[in-house]
Every structure is written in C-alpha cells, then in structure tokens.
Amino acid sequence: MSEEKRKPTPEEKAAAAAVARAKAKAAKEAREAQANAAESDTGEPNGEGRADAPQAEPPIEKRKPTPEEKAAAAAAAMAKAKAAKEAREAANGTTSDADPDAKAKAAAAAKAKAAAAAAAKAKAAREANAGETSDAGMDEDAKAKAAAAAKAKAAAAAKAKAAAAIKSNTGASSVEPTAEEAPPSKNQPYLDRYVQILTERFGKESIEDSYINRLSKEVPTLLIKNEHWHGIAQFLKEEPALQFDYLSNLHGVDYEDRMEVYYHFYSYEHHHSLAVKVKTTRENASVSSVTDIWAGADWNERETFDLLGIDFPGHPNLVRIMMPDEWIGHPLRKDYEPFDEGV
Amino acid sequence: MSSWLEQAPSLTNVLHYSLAAVALLLVVLGFVTYAIYFERKVIGWMQLRPGPNRVGPLGLLQTISDVTKLLLKEDTRPKHADKALFTLAPILAYSPAFAVLAVMPFTDTIQFADLGVGVLYYIALSSITVMGVITAGWASNNKYSLIGGMRSAAQMISYEVPLVMSVVGIILMTGSLNLKDIVYAQQDVWNIVPQFLGFIVFLIAAQAELNRSPFDLPEAESELVAGYHVEYSGFRFAMFMLAEYVYMFGMGTLIVVLFLGGWLPIHPSLDFIPPIIWFIIKFMFYVFLQFWLRATMPRFRADQLMGFAWKVLLPVALFNIMLTAFVITYQNGFM
Amino acid sequence: MLGFAKGLGYTLKKLSEKKITTLYPDVPYQMPPRFRGIQHFSPEKCIVCNQCARVCPTECIQLTGRSHPDPDKKGKIIDTYDINFEICILCDLCTEVCPTEAIVMTNNFELAAYSRDELYKDLKWLDDNNTNVREEN
Amino acid sequence: MPTPFSTGIRTEEMVLNIGPQHPSTHGVFRLVVKIDGETIKEAVPVMGYLHRGTEKLAENLTYTQIIPYTDRIDYLSSMTNNYVLCHAVETLMGLSIPEKAEFLRVIVMEMNRIASHLVWWGTYLLDIGAIGPFLYAFRDRETIINLFNELSGARLTYNYMRIGGVKWDAPPGWIEKAKEFVQYLKSELPNYHVLVSGNEIFQSRITGIGTYSRQDALDHSLSGVMLRCTGENWDIRKNEPYSIYDRFEFDVPVATEGDCLSRYHLRLQEIEQSIRILEQALDQFPEEGEVMGKVPKVIRPPVGEVYVRIEAPRGELGVYIASQGKDKPWRFKLRRPSFVNLQILPKLLEGVNMSNMVAILGSIDIVVGEVDA
C-alpha cells in the first residue's frame, strides 16, 4: 500500500539521521551491514536473519531494497520517523548539545554492534519508543546505551546474536527474561523506594514480587500478598512519601490457574505511578475492597465482580452493574458458558 | 356586533351569534395552524435549516397533516388514570383560553362583547387554564405529569400576580377597565412608552403564563419528558396544543391592546392602512418574538423561576404602580 | 444584562443566512471517493483464499468454493458468497486483506429493507452492486 | 391555634425512574431518584442497557479486528479510541510509528476532540432548554465529520488507525481543507460565547451547582475536565506526552470552582487549545513519508501486560492488555472515562433540585456506549 511511498524517504534526511542518533536500530544495522560488507558477501545477513527470525520479515524486506550503497539508504529507511524526528529536534535548536552527544552515541552504537547487546538494544529501542520523553530522558537513554556498549565490548562479536537482536526488536520473543541484562530502568529508584517503605512497615512477606514492567512504559509493579492488601492500600494512600491519591484503573484478569486484580495508581502529589497486582484463587476469588480508601474503586469493583466473579469483601453494595441482576455466571471467566443459549 | 347582545333572543339571533363564534374559532384555528407552521419555519431558519417543506407547497399543509394525524390517532388513556378528570382536563384547559377572546377588541368594530371590566374578565378566565393543567397532571397518574402539573400551577399562579400588577398602571392612567377605552386612551402615545416598566414586567410574566421559553418548565422535555400532558395523545393532546396556542393568541391580543395601541396606526398619517392590518402587524411582531426567544433562550430553573417572580417582578410591578400613581396625582395637581 | 440580547442578535442574523442542510432523498448525497459503502464482489477475481471471512470481526461473510472446472488450472473458484448486512459493520477489513481486490467497497450506502431476510446479500446481488465502485482499496 | 402549615399535611417521598428512555440521559442510561417534592434525596444510577461485552468480544478477536469495535465504545470520539488500542499494542511490541502517521493521528484526534466537545456543547444546551445551539454545534461538527469521511471513508466509525500507523494517507487537498476549517472555527467560536455563555439565564442556571472539591475528584478517580475544573492542572497530553504531543505548544485550561459553569468553560477552552494544536500540526505536516510502519503480518505482542492511558475528550482513557504471546489478547480492559466519571453523580445529586439534575448529569459529559462498554 504505502510501500512505494516509503522509498522516497528524504535522502538528505538519511545522512542527518545517521549522524544524529544511533539510538534507533537503524544506525546499528547500517553499521552492521557495513561491517558485514567488509567481511564477506552481502547477502548473508539477510538469509540468516530470515532463518533465525521468521517473525522478522518486515525488517528484512526493508533491507532488501538497499543493495550496495547500504550505509545511507539503510540508515534512512530504518531510522524512519524516529531519526527524522531527532533531526528535526536537532534543527530546532538543541543542535549544539545534540551533535557531540549524538556522535558519542553513534560511537557507542558502533562498538555495541559487534557485541551481544541484543537485549539491551531491544530495551533501549523500546524505551525510546515508549518514552519519547524529555531531554532528560534522552540523556538517560544515552547513558544507558553507553553502558550497554561498554558491557557489550567485553563479549565477543557474534552474528547469531545480532540476529537475535533483530528478533527481539520485532517483539517476536519475550523480553522479560532478558531484562536482567538490561540497565536499570529510570523508574528503578522509585520501585526500590516503594519496596523499601513497604517492607519496613509490613515486612518482606507482604510483597510477593516487584519488578519494572518494561512493556508498560516501565511502570513499577508490585505483587502484593492478598491478605496484606487492604492495609497496604491504606498505607499507599496515606503515607506521605507515597500518597497514591488517584486510582486510575482497577480490573481483574482470569489467568485460568489464578485470578489477579490489577490496580494502577497515580500520585498527583508526587507525580509517580504504581501498578499493583493482587492474586487470588479462582474458586474463592476474593480481594478486599478498597472503596473505603478510593471511592472511585466502587463501580470498578462492581464491574469486576460482575464480569469475573471476584468478591470484594468490604464493598458496600457489591451487585452486578453491567449484566442483569439475575444473570448466571461471570462472562469474562475463561470457562464461562452462557446459561441460556437462546437469550 | 355587540348590538346583537341587546336584542331580544330569537332563533336567528342565536344562530348569528353562534356563527360568529364559529367564525372566530376558525380564525383562531387558522392562526394556530399557521402559528405552528411559522414557529417551525422561523426556528428552522434561525437554525440554518429550511423547516417543514414536504407537505404541500413550501410545507404549508404540514400542520394540517399533523392535526389530521392527531385526530385519527387512537384515543389512549392510562389504565389507572382518573377517567372523568382525564377527559375533563383538556376541555378545562382549552375553553377559558377561547372564552377570553370574547372581550378582545381586534378593531373598533370587531369585538364580541364590550365588557366594562374587560381586563378583569380576561385575567379571571385565563386563571382557569391552570386548573386544566393541574387536573391533567394529577389525573394522568404519572409522576412526570404530576411534577409538571405542580410546577405549572406554582408558576402560573406566581406569575399571575406581577402580570395583573403590571396592568394596574395602565388602568390608573386610563381610568377604565374597558379594553376599548384603553385603546382609545392611546391615541397620542402608546402605553409602551409611559408604562415601559409595566410592559417589561407584563411581557416576562406573560411568557411565564404561557409556559413558553424561557419559562417552559412545566413541559421541559429534557427533565420532565413533556410535563403535564405526557400521557395525552391524539385529540386530547391536540386540545392542549390548541389551548397553548390560543392562549398565546389571547395574550398577543391583550399585549397589543394594552401596550401597543391596539388597532391604532403608529402615526395618524398612516391612517389609510386598515385598522385590522395594523392590529395584525403588531400581533405578528409579538408572535415572532415568541419564536425568536424560543430559538435562543435556555430554560430557567424552577427555584430561580419562583424567586424571579416574587423577588424581582413583583417589586418592580409595585414600584411601577406607585410611580404611575404619583405621576398621575402630580399631573392632576394634587401635589 | 446585555448577554441574552446579544444572543438574540445572533439568532436573528442567522434568520436570513444560507441554509446548510441538504435535500437528502431528493438530492443524492455525494460521498467522498474513500467512502465505505456496501461491498461489490467480483467472482471472477476471487481466488477463494478465505482471508476476508477470517478477518471479518463480526463473521458476517460466508463463502464456499469449488475446484476449478478447467482441470488444467489450479486453484479454486468461488461458489457461494454471502454477506449478512444485519451484522456487517462495514469496517473495511475484508477489502483491505483481499489480495485480488475481488471484494471492494462502493459508494452506495442505502440498505434499508422491510425484512431482515433481505439483508442477506448473495453473490449475485453483490456482483450486481457494481456502481460507484471505490477505486482505491 | 395551629397555623395551616402545622396541621400535619402528610408528604411522602416518591421514587422516580429517569430513563432508560429519557431525553436527557443521552442514551439508555437510567437513574432512579427518590424525590421529596422536587428535591432529590437519593439517586442511584443503573446502567448496562448498552453493554455489548466489548471486553469479552475482544478476547476472541485479533488486535486488528478489535479496532472497529473500539470505534463503538465512545462513538463520539472514535479516533481517540482507535488510538488508545493501537498505542497500547505498539507500546507492548515496541513498535515505532512513522512521523507522518503520528501527525495524522494527532490531527484526527484533536479534530475528534473538537467534534466531541461540540456535540457536548449542543446537547448540554438542549438539556438546559436551548434548542438553537445544538444545530449550530452540529453544523460545525458536520465539517469535521465530512473531513473524516474523506480521510477514512466513514462518518462516525472510522476504523482509521492501524497498529503501526494509519490506514490512509491524507487525500490531496485534505490538509488545506482542514486548515480552512480550523480558521473558520477559530472565527466562529466567539459566536458560541455570544450566543450562550453571555446569556444571564444560562449563567445563573448552572453557576454553583454540581460543585465538588479536588479531593472528591481524586477520590472518585475523576479525570479530564471533571478533574481540571477543581484546580488540578493535569492533562496527560502535557504531563505524560504520548504520540508527538510534546512537540506542540498548548495550554491546559484549569478552573477552580468545580461547578457546572466551570466545566462548561473548560470544554470550550479545550476547543481553543485543540485549534492551537491543529494549527501547529497542520503547518508542520510532513508532505513526504509513509503512514504505515513496518509491522509483522501477524500482530503477536510478547507475553506481558501493558496499561496505557491517554487524554480522551471525556478524560483519562486507558487500555490494559494482558498478552500471552498470541494474536489475540488474553484480557482486554478499557478504562472508560465516562464510566468512572459517572461515579460521583449520586454524590452530586444528593439534595439538589430536579431541574439541576439534568444540568449536573449533562456536565459530566457521558457517552452511554462508553459507560456500558
């Protein structure tokens, strides 16, 4: 559809883009391609990529139209909007800072390409996508990448890993396991603080797990023990250092072996956010209500009860909200069968 | 015309009189038909759309087809409604609205009854309409209509006070309750000029009396669906519609007679235009104002509405009476 | 106190302004070229790949194919093709996935019928619905 | 001697069903109110009449197939709904979007915000009893809808965005038309104030009713205008920028009164700000470029969960997706601003007059399709 339009991506941007930032995988791959060209025949990376990552078709297709004069063209195609945006940004006035910065990053990327920075890259790319953040964020990004590059230096250059990088870039495989390799998220300090405050007060056993959900704009996520939940919820709102005064979302998820209630909090006081998950069993699904803490939980809990059958003890009026009162079953449960087909 | 009243009642005489009444009824019905048509047209134009334009040339037959539809509709009545009152209510609402027209001097010759207490007659009879409304609201056995009926009663009774008060100034000036005398008294200058305050109060109170925008609370469709006549359909509903527009006709006539010099021309040099045309022009202007307001104004709030009547309009009307009284006494040299 | 008077002025000004409504049933409403109206289906183009039926979010497309009558040729030809316009949401996904543009959108949008049954449109009807066919798919 | 009022005239409370079919509930929404005279003692919202089970349906649909369903959640701002789903999946997969597509997305979302606010403006005044503004609002909204029709081929259910970009590039001349419209609306907007905002009846009618504090707003998870009218300067477009909103200059209108009138003004001011964004976006619109990024043929996000939130016309619109690595979501949850914002209604209605009820309900700006999902 838009394939033809894609090619004429401004050539002049290409050069600028390549220089501007190596953050996008573009630059990396361009350089990689160069290196490969120097080493051996040009077709190899393509074939290999395809073999290793069947999911990664589109990027490979994209690489095809960039035969010999790779460097510039590939960079242009890959850097896509991102690079263009950065180019623009640079043009907008931050040029003076951006240039050396960019060069440094480019260098870092160059080093990195030879290495097993696969996961780090994937993560960095994602961060860039998700964040599109302020300059501060960018700097952090840059640092992260530099770190990644440094780490990567130690490792041996391997094409297989490069392929893996492509693979994870396209999101075909789960990234979470590789997360440990990645540099700490910008939200890591927040998470550490939450965990610290909570463990001080409620003990270690109250928190089952805590991690940064890198897929979800890096929101600090806590897995709270069901029986501690109400106390912790109260604490989350009242503790001056936390003050999560706003419940953005509340809903349940049926994972077939367990139920989870997901809360997304935000603090208008401190402007930080937190996701909380509370597990419960499927048979006796019950999570204590937080309506007394956040009045906004009221209908959300009713909806969760209605559609998933999770009980919220402490809720003042836990009745169905979406389905008719006499409805049988909870539709969003994975094993739900409509009671009366005729209806 | 009024000379008939003094004749001995004979069959021809009664027949004549009935025929005249029927003629007036037809005129009024014609007015209602085309008032509704023009209301829809004018509001349509103001809202950048053409208004009714499909039935007949320019949509002129639209209201007629609507009325035909209403007449042919099944006559439904809620199961638990009070049968007698439910039937009575539309009549109760309609008849006084029509009866008040008897004293209206459209020109110096076209008038049915030249009562000495014309103004009082009008005010007394028009108050009965509220009975119809409240009866309808109660008899329907519907909560919305009950609320609508109560609102309507409260509103109409409240606004009747400033309405009457605002006329007192004119009566003081004219020294008569006869509508014809009032018109004749305006030969030199229309009452709207010396009685401007009274005119404003009257205009606003009349709006409320008519249940028209911005005082259309009793039938506020966004709150009460349709107010007191929510359960009415078919011909009974048509009666209410009719009552509303006939009442508007009556109120328009009254305001023209009281404040705008009745059938008198704007300047004696324009005498060649027949008086009835003058009357119609002034009357049309008032009717247009109704539509215009309806196209523009949001609705009042119930509590503010009452407050407005008692706290603003009534004092203003009283002040107007005092002012008029003082001026008149001063002119007569008692002060 | 002049607030509402200004409002009255505004509406009065509008009284004589040009009307913006269109005379819809008398004057047909011209939809832009991309408009997603009722589909046109050309059986000769269809390769019975089933993609449209699979991508349909409401599962309103039903089709059957049979093998090509000419034994030399491979592939299938379409046999029946029905769209249920009771549930079709004209979302454009079927025309988007169709590799041969056998199913395309048209600019026609009037579907009202007296019976629900009439809303099941078969291959022939969809083939005949060949006016105002959308060019860009 | 007892006065007539102390003779013990018996009054009783009356239960009044407002809806599900009622002119001012904007759809099939029901409110059971207990009234004493015309004073509301208690109000219980009842919903679900328009529940279509979108979340359940979505579990059996591929991500691309869900997009047309999101059109129908909040049918007054389908573009925003399209976007939030695409944004969630793109976040989950770490996809990057071509610049031109981002521009188109921002342009259509802002236009949709304007269209949505215009509908609100018109219908709100219809609730208040003014019939004129509705038509004027629809006149201007019609232009937006026609623009969308040209762009996406539909007037209301656009199904315009795709994961990784948008479906169509702007047709030739579209940007110019959009610019023209923006200029027109800019000149027309003051008339809205002339017609309505200046009207004393209107002002006195909604000033100081439906008031709540910032703390109430936060407690009840209110968002969007409902939150900003209490003085909280918060707009996700500004504070957690998504898409390319960080490139545009605009202000976040904030009021402190927390009443219906302030919400009314905020919405009109938001239109002004949207016009500002549109002006910049249309000026900077890249002529060249693709509108669809490189995405896999089959959208299969990694295992994991994502929650994103954006600023929809009605408030904070969020999407939660739990993915198991399949092409269909395991759990798809929409955080619907209308639904959440409506929660404060019983509190607001307590003790107010019946005729304020519609003014308060209207000022929350609900879309029943969104309330019921």
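The values are calculated or read from the model by the stated rules, or taken from the named source; none is laboratory data. Given the structure is predicted, the values throughout are model-derived calculations rather than measurements. As a convention, Cβ positions derive from the backbone with ideal geometry for all residues, glycine included, and neighbour counts pool all protein chains shown.
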Matching entry among D:Ile131, D:Ile145 (being under 22 Å from C:Arg34 (Cα atoms) and surrounded by fewer than 24 Cβ atoms within 10 Å (Cβ to Cβ)): D:Ile145
If the requirement is being in a helix (DSSP H, G or I), touching a Lys or Arg at 6+ places or on another chain (Cβ under 6 Å) and not basic (Lys, Arg), which of these qualifies: B:Val201, B:Val246, B:Val256? B:Val256
The residue from D:Trp121, D:Trp168, D:Trp174 that alone is under 25 Å from D:Leu266 (Cα atoms) and not hydroxyl-bearing (Ser, Thr, Tyr) is D:Trp121
Restricting region B:212-244 to residues that are aromatic (Phe, Trp, Tyr) and buried (at least 23 other Cβ atoms within 10 Å of the Cβ), the residue that is nearest to B:Met284 (Cα to Cα): B:Phe215
Scan (1) on the phi < 0 side of the Ramachandran plot; (2) in a loop (DSSP other than H, G, I, E, B); (3) more than 8 Å from every other protein chain (Cβ to nearest Cβ); (4) surrounded by fewer than 18 Cβ atoms within 10 Å (Cβ to Cβ) for the single condition D:Glu288 breaks and write down its number. (3)
If I ask for residues that are in a loop (DSSP other than H, G, I, E, B), charged (D, E, K, R) and either at the interface with another protein chain (Cβ under 9 Å from one of its Cβ atoms) or in contact with a helix residue (DSSP H, G or I) (Cβ under 7 Å, 6 or more places away or on another chain) (or both), which ones from region C:1-40 would you list? C:Glu17, C:Lys18, C:Lys19, C:Arg34, C:Arg36
Region A:254-264 - residue that is touching a residue at least 24 places away in the same chain (Cβ under 8 Å) and either of a type outside the set (Phe, Trp, Tyr) or farther than 26 Å from A:Asn284 by Cβ (or both) and, of those, surrounded by the fewest Cβ atoms within 10 Å (Cβ to Cβ): A:Asp257
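Listed here are the residues, each with its yes/no results for (1) within 11 Å of chain A (Cβ to nearest Cβ); (2) among the acidic types (Asp, Glu); (3) under 17 Å from C:Leu8 (Cα atoms).
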{"site": "D:Lys177", "(1), (2), (3)": "no, no, no"}
{"site": "D:Gln183", "(1), (2), (3)": "no, no, no"}
{"site": "D:Leu195", "(1), (2), (3)": "no, no, yes"}
{"site": "D:Gly198", "(1), (2), (3)": "no, no, yes"}
{"site": "D:Ile201", "(1), (2), (3)": "no, no, yes"}
{"site": "D:Arg205", "(1), (2), (3)": "no, no, no"}
{"site": "D:Gly208", "(1), (2), (3)": "no, no, no"}
{"site": "D:Ser221", "(1), (2), (3)": "yes, no, no"}
Given the residues B:Ala124, B:Ala81, which is the only one that is of a type in the set (Gly, Ala, Ser), more than 14 Å from chain D (Cβ to nearest Cβ), farther than 30 Å from C:Gly7 by Cα and touching a helix residue (DSSP H, G or I) at 6+ places or on another chain (Cβ under 8 Å)? B:Ala81
Could you tell me whether region A:311-330 includes any residue that is touching a residue at least 40 places away in the same chain (Cβ under 8 Å) and not assigned by TED's automatic domain parsing to the domain that holds A:Glu227? yes
So, in region B:289-335, of the ones that are in contact with a Phe, Trp or Tyr (Cβ under 8 Å, 6 or more places away or on another chain) and hydrophobic (A, V, I, L, M, F, W, C), which residue ends up surrounded by the fewest Cβ atoms within 10 Å (Cβ to Cβ)? B:Met335
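Okay, residues lined up against (1) away from chain A (no Cβ under 14 Å); (2) surrounded by fewer than 19 Cβ atoms within 10 Å (Cβ to Cβ); (3) touching a residue at least 24 places away in the same chain (Cβ under 8 Å):
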position	(1), (2), (3)
D:Thr39	yes, yes, yes
D:Val44	no, yes, yes
D:Tyr69	yes, no, no
D:Asp74	yes, no, yes
D:Phe103	no, no, yes
Filtered residues of region D:46-58 (kept if of a type in the set (D, E, K, R) and more than 8 Å from every other protein chain (Cβ to nearest Cβ)): D:Arg52
Taking region D:129-166 and keeping only residues that are assigned to a loop (DSSP other than H, G, I, E, B), at negative phi and of a type outside the set (A, V, I, L, M), one is left with D:Arg155, D:Thr157, D:Tyr158, D:Tyr160
Residue selected from region D:10-20 under the condition more than 9 Å from every other protein chain (Cβ to nearest Cβ) and either β-branched (Val, Ile, Thr) or surrounded by fewer than 18 Cβ atoms within 10 Å (Cβ to Cβ) (or both), by the criterion nearest to D:Met93 (Cα to Cα): D:Pro20
Could you tell me which numbered condition D:Ser223 fails, if it satisfies all but one of (1) closer than 18 Å to D:Ile107 by Cβ; (2) hydroxyl-bearing (Ser, Thr, Tyr); (3) touching a Pro at 6+ places or on another chain (Cβ under 6 Å)? (1)
Which numbered condition B:Lys79 misses (of (1) assigned to a loop (DSSP other than H, G, I, E, B); (2) in contact with a Ser or Thr (Cβ under 6 Å, 6 or more places away or on another chain); (3) closer than 27 Å to B:Asn141 by Cα): (2)
Condition first: at pLDDT 50 or above and either within 27 Å of A:Asp311 (Cα to Cα) or not in a helix (DSSP H, G or I) (or both). Can you find one or more residues in region A:152-166 that meet it? no
When restricted to B:Asn178, B:Asn142, the only residue more than 19 Å from the chain's Cα centre (by Cα) and not β-branched (Val, Ile, Thr) is B:Asn142
Any idea which of D:Thr62, D:Thr91 is within 13 Å of another protein chain (Cβ to nearest Cβ), surrounded by fewer than 24 Cβ atoms within 10 Å (Cβ to Cβ), within 27 Å of A:Asn213 (Cβ to Cβ) and in contact with a strand residue (DSSP E or B) (Cβ under 7 Å, 6 or more places away or on another chain)? D:Thr91
Of the residues in region B:101-118, those that are part of a loop (DSSP other than H, G, I, E, B), touching a Phe, Trp or Tyr at 6+ places or on another chain (Cβ under 7 Å) and hydrophobic (A, V, I, L, M, F, W, C) come to B:Phe106, B:Leu115
Examine region B:251-263 for a residue that is surrounded by fewer than 21 Cβ atoms within 10 Å (Cβ to Cβ) and touching a Ser or Thr at 6+ places or on another chain (Cβ under 9 Å), and state whether such a residue exists. no
Sort through D:Leu118, D:Leu125 and tell me the only one that's away from chain B (no Cβ under 14 Å), more than 22 Å from D:Gly318 (Cβ to Cβ) and crowded, with 24+ Cβ neighbours inside 10 Å. D:Leu118
Counted residues, region C:76-94 - those being within 18 Å of C:Ser42 (Cα to Cα), assigned to a loop (DSSP other than H, G, I, E, B) and more than 12 Å from the chain's Cα centre (by Cα): 0
Filter region D:301-319 down to the residues that are surrounded by 24 or more Cβ atoms within 10 Å (Cβ to Cβ), facing chain A (nearest Cβ under 8 Å) and touching an Asp or Glu at 6+ places or on another chain (Cβ under 7 Å) and list them by number. D:Arg309
For the subset of region A:283-308 comprising residues that are part of a loop (DSSP other than H, G, I, E, B) and within 14 Å of another protein chain (Cβ to nearest Cβ), which member is surrounded by the fewest Cβ atoms within 10 Å (Cβ to Cβ)? A:Asp292
